[in-house]
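Q: Below is the structure I would like to discuss, written out as C-alpha cells.
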Amino acid sequence: MTETMFEPGTPVCVRQECMRRGKPLTIEVVGAVVSWEDKPTGSWYAEGKDDKLWLRRLQLKKVDGEIVWLVIDDSTHIARIEAATR
C-alpha cells in the first residue's frame with residue numbers, strides 16, 4: 001500500500017489484487033482523485049478508534065464521469081499517471 005495521498009484532481013492508476021477461487025485477480029481503475037477519507041465500517045473492532053474498524057477510502061472520477069469508491073488496503077498500488085490530452 002502506498003502512504004502517498006495524492007491531491008484532488010491528480011490522475012492515478014489504482015491496482016488491487018485479491019484471491020478469487022484460489023487464483024489472484026487483478027483489478028485496475030484509472031481516474032482523477034476526488035477525495036480521501038478514513039471511515040468506519042459497520043463492524044465492531046475492539047482495538048479500533050471508537051471500537052469500530054476504520055478503512056481508508058479513495059474516491060475517483062473516471063474519464064466517463066463515473067464516481068468510484070475504493071477501499072485502500074495492503075494489496076493496493078497507486079501510481080500517478082499523465083493526464084490524457086485530446
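Laboratory data are not the source of any read-out in this text; all were calculated from the coordinates shown. The model shown is predicted, which means the values in this text are computed figures rather than measured ones. We place every Cβ from the backbone using ideal geometry, glycine too, and count neighbours over all the protein chains shown.
Q: Based on the Cβ-Cβ distance of Arg21 and Ile67, what FRET efficiency does E = 1/(1 + (r/R0)^6) give at R0 = 25 Å, to the nearest 0.05?
A: Values: r = 29 Å, r/R0 = 1.17.
Efficiency at R0 = 25 Å is approximately 0.30.
Q: What net charge do the residues around Val68 carry, taking every other residue with its C-beta under 12 Å from that of Val68, with Lys and Arg at +1 and Asp and Glu at -1?
A: Working: positive: Arg57, Lys61, Lys62; negative: Glu28, Asp64, Glu66.
Taking every other residue near Val68 into account, the sum is 0.
Q: On to the next question. Averaging over every viewing direction, what projected area does the convex hull of the Cα atoms of segment 11-80 cover, in nm²?
A: 5.9 nm²
Q: How would you rank Arg57, Arg21, going from fewest to most other Cβ atoms within 10 Å of each one's own Cβ?
A: Ordered by Cβ neighbours within 10 Å, fewest first: Arg21, Arg57.
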